[in-house]
Amino acid sequence: MKVAALIVAAGSGSRMGGGLPKQFRLLAGRPVLRHTVEIFAKHPDVASVTVVHAADTEETTRDCLKDIENIGFTIGGESRAASVALGLAALPSGTTHVLIHDGARCLTSRAVIDGVIEALADADAAAPALAVTDALWCGEDAQVTGMQSRDGLYRAQTPQGFALDPIRAAHENGTHEAADDVELALGHGIDVTITQGDEDNIKLTYPQDFAHAERILKEREQRSMDIRLGNGFDVHRFGEGDHVILCGVEIPFGRGLQGHSDADVGMHAITDAIYGALGQGDIGQHFPPSEAQWKGAASDIFLKHAVELAQDSGFAIGNVDCTLICEQPKIGPRATEMRVKLCEIMGLDIERISVKATTSERLGFTGREEGIAALATATLVKS
């Protein structure tokens with residue numbers, strides 16, 4: 001199948017009240033229509049998107065959708081059915097199936113779209129819906145006059161999907177203004193498969209619908225937020241030498257730190273914190289000390305690898321906090337230099353990196369000045 005999305009956005013939105021048509025009003029800082037179009041433009045199984053707009057809103061429509069690739073535009077008609085027919089005629093050549101969608105239905109989920117496309121593999125038409133669960137009344141003049149059975153009743157949603165040739169024929173032969181494209185399809189003898197709808201897939205119709213949509217978007221953002229925390233701890237003992245390397249900075253000292261690489265205890269702890277946040281083990285798993293090639297290696301090799309691994313996994317590093325634990329040498333005078341060095345290696349702003357030091361009050365191996373320990377925490381945020 002070569003699936004195209006047809007977004008119908010030629011209405012005036014009169015039920016929303018006066019002013020700007022609802023498809024151009026802002027929702028969470030962006031036009032409603034842009035929210036809608038981006039859903040389909042980002043879907044891997046949708047080959048193209050065509051937007052049907054009113055003749056007097058072409059400039060506004062194009063402006064709110066600028067920078068979105070692979071979009072076509074066409075002017076609509078005097079009714080929804082007429083607009084859809086004109087949109088169907090404007091679809092790219094080679095299109096075999098179409099998803100017809102309301103421009104003001106801007107919260108459609110990937111699962112709803114997937115369900116329609118999957119059903120079209122075995123049917124000429126498919127559309128999402130939700131079974132009616134509330135009791136239904138008949139009424140007149142604000143009085144209940146009777147009951148209506150809810151058995152077999154559904155609330156229709158979009159996108160409504162069709163094989164292209166049958167739905168084009170249905171529009172060409174339609175004799176009345178249908179409520180939606182499913183009604184036209186049924187009138188043309190096309191069987192329509194019902195797929196699973198979604199309560200969040202609302203159509204913005206009345207002013208209060210915007211507040212509802214804002215709440216849905218905020219809830220989705222909270223659910224999708226992926227924040228990872230990792231910690232790293234490392235220790236290296238003192239041995240012969242005339243300097244130590246801490247967080248990439250060489251500090252003259254009467255002894256050196258011993259290790260398979262350059263023994264940069266601070267950078268090792270930071271690297272392990274990033275690996276830990278990713279669930280990717282530690283330095284020893286990625287750069288085994290049993291391999292001679294890493295003997296004496298600069299620790300920025302390890303840190304750069306961890307940063308690149310985070311980026312490749314879709315994460316940005318929010319911040320890094322490293323504490324060096326030692327009696328000597330004094331860290332404070334060189335802490336800013338260390339932060340700058342880590343900025344260069346990690347590609348972060350300096351306010352996202354903290355390096356500080358503490359002593360162990362002369363307790364333990366660090367208190368006896370037998371070595372240096374480091375503790376680091378890294379925050380990763382899904383980008």
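The values are calculated or read from the model by the stated rules, or taken from the named source; none is laboratory data. Being a predicted model, the structure only gives us computed values, none of them experimental. All Cβ positions, even for glycine, are placed from backbone atoms using ideal geometry, and neighbour counts span all protein chains on display. Heads up: the accessible areas ignore ligands, DNA and RNA and are worked out on the full protein's heavy atoms, side chains in. Shrake-Rupley method; radii C 1.70, N 1.55, O 1.52, S 1.80 Å.
Yes/no per residue for (1) in contact with a strand residue (DSSP E or B) (Cβ under 7 Å, 6 or more places away or on another chain); (2) surrounded by 20 or more Cβ atoms within 10 Å (Cβ to Cβ):
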| position | (1), (2) |
| --- | --- |
| VAL32 | no, yes |
| ALA41 | yes, no |
| ASP45 | yes, no |
| VAL52 | yes, yes |
| PHE73 | yes, no |
| LEU86 | yes, no |
| GLY94 | no, no |
| GLU118 | no, no |
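In segment 128-165, what residues are within 31 Å of the chain's Cα centre (by Cα) and assigned to a loop (DSSP other than H, G, I, E, B)?
Scanning segment 128-165 gives GLN157, THR158, PRO159.
Within segment 361-383, work out how many residues are touching a strand residue (DSSP E or B) at 6+ places or on another chain (Cβ under 8 Å) and open to solvent by 30 Å² or more (accessible area, probe 1.4 Å).
Residues in segment 361-383 being touching a strand residue (DSSP E or B) at 6+ places or on another chain (Cβ under 8 Å) and open to solvent by 30 Å² or more (accessible area, probe 1.4 Å): 8 in total.
Can you tell me which residue in segment 258-284 is farthest from CYS247 (Cα to Cα), limited to those that are open to solvent by 20 Å² or more (accessible area, probe 1.4 Å) and among the acidic types (Asp, Glu)?
Among them, the one singled out is ASP282.
If you check every pair at least six apart or on different chains, which have Cβ atoms under 8 Å apart with a residue in segment 103-132 that is over 27 Å from ALA211 (Cα atoms) first and a residue that is surrounded by fewer than 23 Cβ atoms within 10 Å (Cβ to Cβ) and among the small types (Gly, Ala, Ser) second?
LEU120/ALA163; ASP124/ALA163; ALA125/ALA163; ALA126/GLY115; ALA126/ALA119
Yes or no, residue by residue, for (1) touching a residue at least 24 places away in the same chain (Cβ under 8 Å); (2) more than 19 Å from the chain's Cα centre (by Cα); (3) under 17 Å from SER79 (Cβ atoms); (4) in a helix (DSSP H, G or I):
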{"position": "ILE167", "(1), (2), (3), (4)": "yes, yes, yes, yes"}
{"position": "GLU177", "(1), (2), (3), (4)": "yes, yes, yes, no"}
{"position": "GLU183", "(1), (2), (3), (4)": "no, yes, yes, yes"}
{"position": "LEU186", "(1), (2), (3), (4)": "no, yes, no, yes"}
{"position": "ILE194", "(1), (2), (3), (4)": "yes, yes, no, no"}
{"position": "ASN201", "(1), (2), (3), (4)": "yes, no, no, no"}
{"position": "GLU219", "(1), (2), (3), (4)": "no, no, no, yes"}
{"position": "GLY230", "(1), (2), (3), (4)": "yes, yes, no, no"}
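If I filter segment 235-251 for residues that are closer than 18 Å to HIS305 by Cα, at pLDDT 95 or above, in a helix (DSSP H, G or I) and open to solvent by less than 20 Å² (accessible area, probe 1.4 Å), do I get at least one hit?
No, the conditions are met nowhere in segment 235-251.
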